[in-house]
1. How large is the dipole of the chain about the Cα centre if only Lys and Arg carry +1 and Asp and Glu carry -1, each at its Cβ, rounded to the nearest 20 debye?
2. Compute the distance in nm between two label points, each set 7 Å from the Cα along the Cα-to-Cβ direction, one at CYS64 and one at THR377.
3. Compare TYR92, TYR29 by solvent-accessible area with a 1.4 Å probe and give them largest first, with all protein chains kept in place.
4. Can you give me the angle between helix 357-371 and the longest principal axis of the chain, using Cα atoms only, in degrees from 0 to 90, rounded to the nearest 10?
5. With 5 Å bins from zero, work out the P(r) of the range 347-402 over every alpha carbon pair and list the percent per bin.
6. Run the Debye formula on the Cα coordinates of the range 109-235, all scatterers equal and no solvent, and tell me log10 I(q)/I(0) at q = 0.15, 0.16 1/Å.
7. Above 18 angstrom, tally the Cα pairs of the range 264-414 and express them as a % of all pairs, no decimals.
8. What three numbers, in Å, describe the spread of the alpha carbons of the range 247-295 along their principal axes, ordered from the longest?
Amino acid sequence: MQTPTQPPHILRMRCTLCGKTYAPEEHAYVCPDHGNEGILDVEYDYEMIRQSISPRLLANNKMCNQWRYRAILPVLPDTPAPPLSVGWTPLYNASRLGRTMGLSSLWVKDDSRQPTGSLKDRASALAVMKAREAGASVITTASTGNAAAALAGMCAADGMPCVIFVPQTAPRAKVAQLLAYGAHVFLVEGSYDDAFELCLEAAAEFGWYNRNTGFNPYMAEGKKTVAYEICEQLDWQCPDRVFVGVGDGCIISALHKGFFDMLRLGWINKLPKLMGVQSTGSDFMYQAWKAQADPVTFPPIKANTLADSISAGLPRDRRKAMNSVSQTDGAFLRVSDDAILKAIPELAQTTGVFAEPAGATPLAGLHAAMADGLIETNEKVVLLVTGSGLKDVDATIRTCSTEATVIPPSLAAIKSSMPNI
């Protein structure tokens with residue numbers, strides 16, 4: 001009997017540009033009719049999935065990681081997961097922050113608590129598993145930092161070599177993670193988009209498994225587990241809106257996919273409005289959305305933002321990102337880098353969650369949405385924090401209003417310098 005190469009609950013892969021469908025094992029990454037732009041979407045047999053997973057069964061599942069949802073993920077039953085514990089991050093009731101904003105129900109999903117400090121661990125863990133299924137011996141990715149760190153960490157835990165391409169401007173803390181995990185790191189003299197293209201060429205040349213976001217169709221499938229967790233942690237009450245920072249567009253499209261899965265399975269009765277937040281210095285999706293333009297043909301921009309994790313001049317998952325907003329009656333918002341920086345200490349001081357700039361961007365976007373009158377005060381709102389503030393401490397130091405006080409080791413010095421607490 002031939003060993004299956006794909007799980008039976010995957011029906012087909014559908015091109016997001018032309019709608020053409022393929023068998024799961026027919027093409028590894030993209031629709032051949034559109035080159036690297038032909039991103040594929042995984043379509044499932046929901047009737048089959050219903051037989052093995054449900055909210056009732058999950059209530060008795062003691063597995064506190066993303067593999068509790070394995071029956072809705074595109075991996076074979078016997079493929080081992082990397083040993084690091086990924087997923088099941090906390091969802092905090094941010095009541096104090098909510099009160100300051102006039103919201104009755106505000107929640108913070110804290111994915112900075114992942115093993116390598118970002119949501120990207122969800123996708124990278126799945127990438128290592130899919131690479132094993134494909135018989136690959138090396139895995140590669142291009143990244144502004146977080147996806148690279150996530151892949152390097154998962155590969156280190158699993159014993160798989162990896163090759164990383166990041167812009168030379170990537171924050172030092174993220175590069176340090178890569179080196180600590182033993183990845184082979186190329187610092188590319190150029191932008192993230194330059195690193196992405198070089199990674200595509202190298203993967204094709206050397207036969208490496210390519211984890212790139214907006215190219216490998218399975219990356220959104222790993223990231224979508226955050227949507228399952230949000231709803232399960234809210235006792236299957238779907239939020240009204242979810243705010244998330246947007247760069248390449250893969251996280252917001254993954255959220256959409258996760259909520260769509262649950263709607264098809266009958267676990268929730270609506271889709272939340274997805275609110276994609278971008279920096280004014282990297283606002284491709286916002287511009288295309290405002291112009292009601294096709295994001296596939298909309299011209300690229302020159303991205304320049306301190307929120308490196310959402311810096312993308314040409315978002316790779318732009319078609320699915322646009323669909324995620326339009327099909328949920330959501331919106332794209334743009335905020336200044338200054339607003340993003342101010343959101344870091346505000347989030348930390350009102351919720352205890354320390355986010356990198358991209359992770360604090362949803363809060364800046366919430367302020368913008370409130371100012372524009374887009375939100376009712378009784379809506380249930382979730383902010384998705386995608387990365388730890390330890391990823392980019394320099395950005396935090398730039399924005400904090402206070403500095404540490406240097407004193408001699410005496411009680412008198414404390415009294416003379418005591419702040420009004």
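The values are calculated or read from the model by the stated rules, or taken from the named source; none is laboratory data. It should be emphasised that the depicted structure is a prediction, and the values quoted were computed from it without experimental measurement. Neighbour counts are summed over all protein chains in view; Cβ atoms, including those assigned to glycine, are modelled from backbone coordinates with ideal geometry. In case anyone asks, the SASA skips ligands and DNA or RNA and just uses the protein heavy atoms, side chains included. Shrake-Rupley method; radii C 1.70, N 1.55, O 1.52, S 1.80 Å.
1. On the way: 38 positive and 42 negative charges, 199 e Å.
Charge dipole of the chain: 960 debye, to the nearest 20.
2. For the pair CYS64/THR377, the computed spacing is 3.7 nm.
3. Working: TYR92 80, TYR29 45 Å².
Result, largest first: TYR92, TYR29.
4. The angle comes out near 70 degrees.
5. Bin by bin from 0 Å, the calculated values are 4, 18, 25, 24, 15, 9, 5, 0.
6. These q points yield log10 I(q)/I(0) values of -0.63, -0.72.
7. Result for the distance tail: 63 percent.
8. Taking max minus min along each principal axis of the Cα atoms, the range 247-295 gives 39, 19, 14 Å.
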